[in-house]
Structures are given as structure tokens and as C-alpha cells.
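The values are calculated or read from the model by the stated rules, or taken from the named source; none is laboratory data. Bear in mind that the values here come from a model prediction, so they are computed numbers and not experimental data. Virtual Cβ from ideal backbone geometry, glycine too; neighbours counted across all protein chains shown.
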Amino acid sequence: MDLQHVNAKLLVRDAEAVDVERVIPVFHGWIQERTLEEILLDVADYRHVPAGPGVILIGHEANYSLDDAGYRLGVRYNRKAPLEGSAQDRLEQATRAALRACNLLENDSRLEGKIRFDGRNLELSVNDRLLASNNDATREALEPEIRVFCARLFAGKEYSLDYDREPRRLFSVAVKASEAFTSDALLRNLAS
Amino acid sequence: MKASNALWTEKLAGQMPEDLAREIEIFENEISLRKQGKMDERVFAETRLRRGAYGQRYDNGQRHDGKKVQEIAYPSGTLTKGPNTLWDAPGMQRIKIPAGGLKGAQLETLAELAEEYSDGIAHITTRQDIQLHYVHIDDTPAMMRRLAAAGITTREACGNAVRNVTACPLAGVCRDEAFDITPYSRALSKFLLGHPDCQNFGRKFKPSFSGCAQHACGLASMHDLGLVAVKRVESGVEKRGFQMYVGGGLGAVPYQAKLFDAFVPPEELLPLAQAIARVFARLGEKKNRNRARLKFLVHDLGIEKFRELVLEERRNLPHDHRWTEYIETAGAEAERPLRAPGLVPEATSPDFQRWLTTNTRPQKQEGYVIVTVALPLGDITAHQLRALADIVRRYTKETVRTTVEQNFVIRWVSGADLANLYRDLHAAGLAAPGAGTIVDIVSCPGTDTCKLGISSSRGLAAELRRRLGEKSFEQDAAVQNLHIKISGCFNSCGQHHVADLGFYGVSRKMAGYAVPHFQVVLGGEWDSNAGSYGLPVVAVPSKNIPEVVTRLTDRYVAAREIGESFREFIARIGKAEVRKLLDDLTRPPADSSDRSFFRDWNDPREYSLGDLGVGECAGEVVSSADFGLAAAERQVFEAQLALEGGDFAAAWQTAYQSMLEAAKALVRSELADLADDPDEIVQEFRARFYDTQKFFDPFVGGKFAHYLFAAHRHAAALPTPEKARHLIEEAQLFIEASHNCYNRLATPVSV
């Protein structure tokens, strides 16, 4: 299976306390300062839409967002451009990008520490229905890859997988770690 | 961009209508040719536009980030998809939805596309289309194939073609309609799509259908071809027909459509539309796109001559069986209910009661209800589209329609199902109350994504929506029913001319900085198919617009007469009084350290920082120009007062003088000794600002200068009320362009 267009979303804790508006100038700052290696284009504000994509930093290769889909607020990385490499490479690239973005938000003084990874919950999805329909065949094909990746990400600690089985939706799995990690720790795990 | 793009052709083989499949294949080949440098960029631009693939803001590869202009280093480098439009720059895909009609499966397809190719949002436009933003051109053929397999085309959604045929979304169920116009609008849409007689227009051509004359749903008066259903009795037999209007349009200078025929029978509808298309293609302006809409041709020829030419063309048309073959089966596709009729329940909560009050209305069929799904700023997520598909399957025969107010309507809902329907909409975040009220604000994309946007129309709409939403149900009923419509520039995509409170984006320079503003447009009428157009009263900084709304609505509540509409109220108190009411809001805050004033809504970047003035020497010139432009603005306002007072000759002359004043202000920045002689002003303006293209707008070129030249040529004319009104609109635009020109010339080159 050609695994492309991986999305990784890290849920944030105390979502009710997060003022999503405050991330808008931060995202504009990332464009100004070319904070990320990817080409960043603009900021789209969808706060008016319930359970929507929130505030999106539109890029060429990928979008970053503080996303409220499903009323689950999180930092999402949505890979748009195809990537070379193995399935592990692509899972790692998307998750690492989401972790890095989350880490930047956690440490941005303008946000006063209000945005924090909840330590346990990661959602992985594939934004291409033709390559990865949301069905049993895809789940069977991808689960071994996901398990190998999660073992690395969580340094061998336990985790659970919960698939979204609504066939019209994107292939998506909620990953829940049995113990809490910081974004720094997960980045270190991926680097080792 | 998508790794799966090439796979969709095989996957959907046999599932697409052959003509659409071939059409998409051709487009894909054109993409290849353009990439190989074998197709001219201008030709490619028009061909992609005719497939609905539009440009978007920053697609020239530059973006002002609030501090400086950044070059965007796209991987495809200098490859373009049109003049000054880089290949990799994200674009907008417009999707035609004839009469706004969609089925559940189509909603699901749109959800998939919004997720996979766009930013997860589908946007409903003011012409019942769907738009997806941030789409890569390489993804468009796969996307079009998926749409075609769902029975949807993007063909001729943009470009110089017949655009989406819009229609009243209540057709077939409205208590006030003459008859259901749905089959006629669909027949016209199908007939004109790709028709050879519609391929050589100088500009776009927009048709619209309305089931009645009194409501706004079809907006027939502001369309190139507006059709209003009527019935009449001939020899004791009731017959269907259409009032046919031509040459309407908003745009920079709006024109009311003219009555072409008071009763066109169905069998003549398609051939007459074809004859109009032929005349438009043959005689419409081609070189100057600023005069190329049908409204200018009708205006220049006069409706009588235009009618004569069309009828002559009609007589010479070769017969086409499609003109009438749909009529026999016109009623067969009419929507029917899924569920038995029932009574509307008692409201069980205040929220449900509010929603029932504003978002539902009875159908003409007893026991059935029309439900409006109010969308904030016309936006809906992919998840919500799927939920809506489930809902329309559960309660109706899977149908839904988009509206020109950027909402959905669900028809044929049994009254007995309303409580459950509300529960399901609520679960999907789709049960916002206030449909059709002051909080249901219409806005074009503005500076969010549009290349032409000057001010943030969506940012303002979101802010007004938030503020008004907090108190809308405590407001006076007359205020609740007002319409607010916002455009990011003068081009009227937000339909600001036909709102009670209309706004369009402009910029002004204050304290050396460009400041986002909106022109306040008052006097428009939404009902009666957009019965009259408002005029701009005064430009106010964006951040003061919420206070403008508060003051105007408060004054209306306090001082209106019994039964007086907002439009009538504004006409009674007069624009001079309105201006006085808003006067202090036109100025910047006394505390210039408040930088929020110099930023637009929801955008933390300093607004056009590159417009910062330079040096003391330039400062003197700036002051002089400012003074002259302010005088021009005062004069054009006085022209409005003259128009309001019925003195059309004075309105005409004052509007003309205001243009001279603005031109003089610019010329005097280079030629201090310029005399007051109009010939000399125009001559010097032409030589110094038009011939040198200094006055040219990046997008419309010298369009607004032509308004001055034309006014000067006809300075001694005796105007009709309509002509005086048009000149005032043109003078306002000329002055705006003079402001912009002056701002550009006083701006240091950005790095």
C-alpha cells in the first residue's frame, strides 16, 4: 500500500481554556520568520464553524492547524505533497511535524503555556480515500506499520488503537498511550 | 499534488457521462501542454477558468507578511497557469450547482473533495455555487472526475461563459410562487451549457429564475437574464410564462435589468435565450472587458433596439428540438415528500423556539415545512456535509438546495418531524438560529482568498455576527429582519448594493498609514427581486463599522414611523443626516498608539505597511493631494444629495465636478500651476497619469480613468435619473482609484 498524505493530530489538554484566536498571530509569525522548512503561505480562520478546522496555517507541502474537528481540539499536521520513502518514514514525518508544531506552540510566550499536548492522544489518518479506503483491508494492511511506528514513538510502552469505522470518513485511528509523554519526549523517542 | 490523481481515471471509468469525461480529458491534456510550454499562458488561463479553476490571492508568488513582501519559492518555479499566476499557487475551484439543487450522495462527494483537495471547508457562494479554496491545479482533473461521476460539472463555472443558472430555492413549495420554475431553470442550464452560441462572449452571462415578483429569492433585477414566473388567462385558459428581464448586474456600477417581454411562454424561453446569447456574442464589447457585460450593450443600444435585434435573431434561428421537448415532462421530476404530513410541534425549549421562528416556514403543501440551515459565512465542514446527507435521507427524498444567502434549505419536511430534525441538526452543529435575519450576514471571500479584495469582508462579517448574535433576540423585530451584506471591494460579489446595510472595502491613508475602510452603502432593497440599489454614503475605518451598525439600527428603532422600512427611513431622514450621525467614526482614534486600528479584522498584520509615506517633501505633496481628494469626496456626496432631492442635472454636474477635483488633486502633485480649466485638467491627467499608466489599477487597468474621460465628453448632457445615478457611482469609483493611485505613488518600493 502506498501510504501518502498522512495526517497527525495531537490532542491538547484543557481545550476549554484555549483561546484559539491567539494562535493567529503566532501562525503569521511563523510565515514572517520562516520558522518551518516548508513553504508557508497564509492563515485561514474558521473559528466560526462548529467542530471545524479552527485556524489553519496554509502551506504548500502541508497545512498546520489548531483543529477542532469532532470537538477534539488538537494540533494537526496535514501532509499534502507526496513523500518519498517507506511507510515508516511517512508516519514519522507527519508525526514529527505535528510534534514540532505543538512544541513551538507550547513554548511560545504569546500563548502563555495555554496550549499543551495532553500527553497521551494522537490521531493518525490518511487523507486519500483511493489509496487508503476506510475498510478492513486498509486496516489489515496498515496496522502492522502503525504498531511498529507506535512502539518506537512510545519507546515500547503500552498503547491502544481505536479505529474510526464509518466507511465514508478518512481512514483514521486514535492512538492512546498508557502513560503521559511530553512533546519533547516523543520527539526524542523518534530521534533515537 | 495527490499521489492518487492518475488512478481516478481508471477507477471511475464508465461512471462519468461521456461528454464530461471527454471534457476533463481535454483539460488534462491542456495542463500537460502548458507544462511543456506548448500552450500560451493566456489561452490556458481562459481554458481553466471555463472549468471553474480560478486564481487566488498571492498567486503571483508574493505576499506581504506584515513587515515586508516575501517571495514564495514554489517548486515549479516560474511556470505559470496564467499571466502573473504561478503554477503551484493554490487556487479556488468553483462548482456549478444549477438551481442550487443537490442530493445526499452529491453532498458526500463534496465532503470528500473538501477534505482531500481543499482545507476541509466547502463554501456556498451568493450564486448558489460551491467553492473549494487552496486547491492545486494538478489536482483539478481528478477532482472534476469525481464530481462528474456524481453528476456535477464545473464546466463554465468561471470565464466568459454562461455561469450557474440560479433559481429560487423555494421553487415548488413556496406559497407565493406562480408555479415551480425548477424544470425551466434546469432546461435552460442544460441547453446553454457548452452551447456553440455561448462560446464567444466578451464577459460572463448570468441567468436567474424567480417564482414570484415580490420576494428576493431569484434576484432577477440584477442578472443578465432574469426570469420571473407569471400566469395569465388566454381564452379562458390559464397559461404559464415568464417576465423576461435583460441587462441587469451589480459589479462596480450596478444596473437594473430592463423588461424585455412581459410574458414569454415556455416554448419561447430557450430560443429567446439563445437569440440573446447570439446578439451578445456578436455585438457585445470584446476588447474593453470593463464594458463587456450585457448591461452595457443594452444600455448603449437601448432596450427597444436590443429587443428588435434579438427578435430578428430569433426569427432566423434554425429549429432545435430541445427548445420544447422538456416541457411535456416538466412536472415529472418535481420533488415529492418521503414522509406523511404532520403538525408542527410545540417548542420544548427557548432555543428550539428561536430556531422554529427564524429557520422554518410552512410550504404551500399543508403539513410540510421548509427548513433553512443557516451557515456562518456560508461555510460548512466535510463532517457536516455528511451529516446533512444523512439528515436529508432520513426526512426527505434526499434533496437539498443552496441559497443566494449562502445557506441550505431542506424542503418537504413533515411538520411532525421537526423536533427530531432539529435534534439531528443540532448534533451536527447545523442548528444555528437567525436565518434571514440581521445575523445571517452575507460576505464574499474578500482579502481572505480573493485577489481583488481590499478589506476583510469575512473578518468583518464574523465580528458583526458575533456581536449581533449576542443580542439579536433582544433587538427590535424590525432590526432583526434587516439584511447586512459585505463585499471586500467594489465588485459587489457580496451584493452590498441590495442590502439594508451594505459595506464594500476601500482603503484610506491616515497618519501616514493605510487603514482598511468600508464604504457604507444605504438604500438598497433585497425584496422585489433586488428592487433597488443603495449608494455609498461615507467611508469608515473597518474597526468602526460595528459602531456604524449600532448607531444606524438604534436610530431606526428610536425614530422610525409606523410600518416604515429601513430603506424608507434612510430616505426620509436623508443622507446628510446619516453622515452627520457617523461623522466622528470616519476619523482615526485620538490615541495613535492603538495599532489595532491599522489592522484588519482577524488579521494581525499591519495593513499594507508598504504604504507608509516618505519624507517631508512627499509629505507636502501628500497634504495637497489629501485635501483635493477630500474635496472630491465631499462633492460626490453633494451629488448624492442632489439626486436624493430629485435634481438630476445638479447631481450629474456635481458628480462630474468631483471627478475633476480628484484628477486635479493628482495632477497638482506634479504640476502645481495647473489651472481650473476642465479641458486642461483632463488633458494633463491623461498625459501624466493615464498614458504613463500610473493611474492603472493592477487588476482593472485604466477602467476608472475612462469614467472621467466619458463624463468630460458628455459634460453638457441632460441626464436621466438613471444616468445621474450611474455617474455618481462612477465618480465614487474614480475617487477611490485616485486614492489608491496617490497611495501607491507615495509608497516606497517594498523589498
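Observations on the structure shown:
- Scope region B:375-405; condition away from every other protein chain (no Cβ under 14 Å), surrounded by fewer than 23 Cβ atoms within 10 Å (Cβ to Cβ) and part of a helix (DSSP H, G or I); matching residues: B:Arg394, B:Tyr395
- Criterion (without any contact (Cβ under 8 Å) to a residue 60 or more places away in the chain, under 22 Å from B:Asn160 (Cα atoms) and within 21 Å of the chain's Cα centre (by Cα)) met by exactly one of B:Ala257, B:Ala252: B:Ala257
- For region B:103-148, a residue qualifies if it is in a helix (DSSP H, G or I), in the same structural domain as B:Gln15 (by TED's automatic domain parsing) and polar (S, T, N, Q), and exactly one does: B:Thr140.
- Residues in region B:187-242 that are in a strand (DSSP E or B), under 25 Å from B:Arg293 (Cα atoms) and not small (Gly, Ala, Ser): B:Phe205, B:Pro207, B:Phe209, B:Leu225, B:Leu227, B:Val228, B:Phe242.
Conditions tested, residue by residue: (1) touching a Lys or Arg at 6+ places or on another chain (Cβ under 6 Å); (2) among the hydrophobic types (A, V, I, L, M, F, W, C); (3) surrounded by fewer than 24 Cβ atoms within 10 Å (Cβ to Cβ); (4) part of a helix (DSSP H, G or I).
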site	(1), (2), (3), (4)
B:Ala639	no, yes, no, yes
B:Gly646	no, no, yes, no
B:Trp652	no, yes, no, yes
B:Ala655	no, yes, no, yes
B:Ala663	no, yes, no, yes
B:Leu666	no, yes, no, yes
B:Leu674	yes, yes, yes, no
B:Ala687	no, yes, yes, yes
B:Phe695	no, yes, no, no
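- Residues satisfying the stated conditions in region B:599-628, i.e. at pLDDT 50 or above, closer than 21 Å to B:Ser738 by Cα and in contact with a Lys or Arg (Cβ under 9 Å, 6 or more places away or on another chain): B:Tyr607, B:Ser624, B:Ala625, B:Asp626, B:Gly628
- Matching option when the condition is of a type in the set (Lys, Arg) and either outside any loop (DSSP other than H, G, I, E, B) or surrounded by fewer than 13 Cβ atoms within 10 Å (Cβ to Cβ) (or both), among B:Arg34, B:Arg57, B:Arg51: B:Arg34
- Of the candidates B:Leu12, B:Leu102, B:Leu107, the single residue that is within 14 Å of chain A (Cβ to nearest Cβ) and crowded, with 20+ Cβ neighbours inside 10 Å is B:Leu107.
- Among the residues listed as B:Arg339, B:Arg307, B:Arg322, B:Arg314, the single one being over 26 Å from the mean Cα position of the chain (by Cα), under 24 Å from B:Gly101 (Cα atoms) and crowded, with 16+ Cβ neighbours inside 10 Å: B:Arg339
- Residues located in region B:48-61, provided they are polar (S, T, N, Q) and within 11 Å of chain A (Cβ to nearest Cβ): B:Gln56
- Considering residues of region A:144-154 that are exposed (fewer than 15 other Cβ atoms within 10 Å of the Cβ) and either in contact with a Lys or Arg (Cβ under 7 Å, 6 or more places away or on another chain) or of a type in the set (A, V, I, L, M) (or both) only, the residue farthest from the other protein chains (Cβ to nearest Cβ): A:Ala151
- Single condition B:Arg63 does not satisfy, out of (1) in a helix (DSSP H, G or I); (2) modelled with pLDDT under 95: (1)
- The helices (runs of 4 or more DSSP H) found entirely in region B:476-593 that carry 1 or more residues being free of Cβ contacts under 8 Å to residues at least 24 places away in the same chain and within 30 Å of B:Leu225 (Cα to Cα) are B:566-573.
- Only residues that are of a type outside the set (Val, Ile, Thr) and over 11 Å from A:Val126 (Cα atoms) were counted in region A:1-17, giving 9.
- Within region A:130-160, being within 18 Å of the chain's Cα centre (by Cα) and part of a loop (DSSP other than H, G, I, E, B) holds for A:Ala132, A:Phe154.
- Among the residues of region B:406-431, the ones that are small (Gly, Ala, Ser) and surrounded by 24 or more Cβ atoms within 10 Å (Cβ to Cβ) come to 0 in all.
- Residue match in region A:105-114 (condition: free of Cβ contacts under 8 Å to residues at least 40 places away in the same chain, within 14 Å of chain B (Cβ to nearest Cβ) and out of contact with any Asp or Glu (no Cβ under 9 Å at 6 or more places or on another chain)): no
- Residues in region A:124-143 that are away from chain B (no Cβ under 14 Å) and either among the charged types (D, E, K, R) or without any contact (Cβ under 8 Å) to a residue 12 or more places away in the chain (or both): 5 in all.
Here's the yes/no breakdown for (1) modelled with pLDDT of 95 or more; (2) over 17 Å from B:Arg127 (Cα atoms):
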| site | (1), (2) |
| --- | --- |
| B:Gly172 | yes, yes |
| B:Asp176 | no, yes |
| B:Asn200 | no, yes |
| B:Arg203 | no, no |
| B:Ala220 | no, no |
| B:Ala229 | yes, yes |
| B:Gln243 | yes, yes |
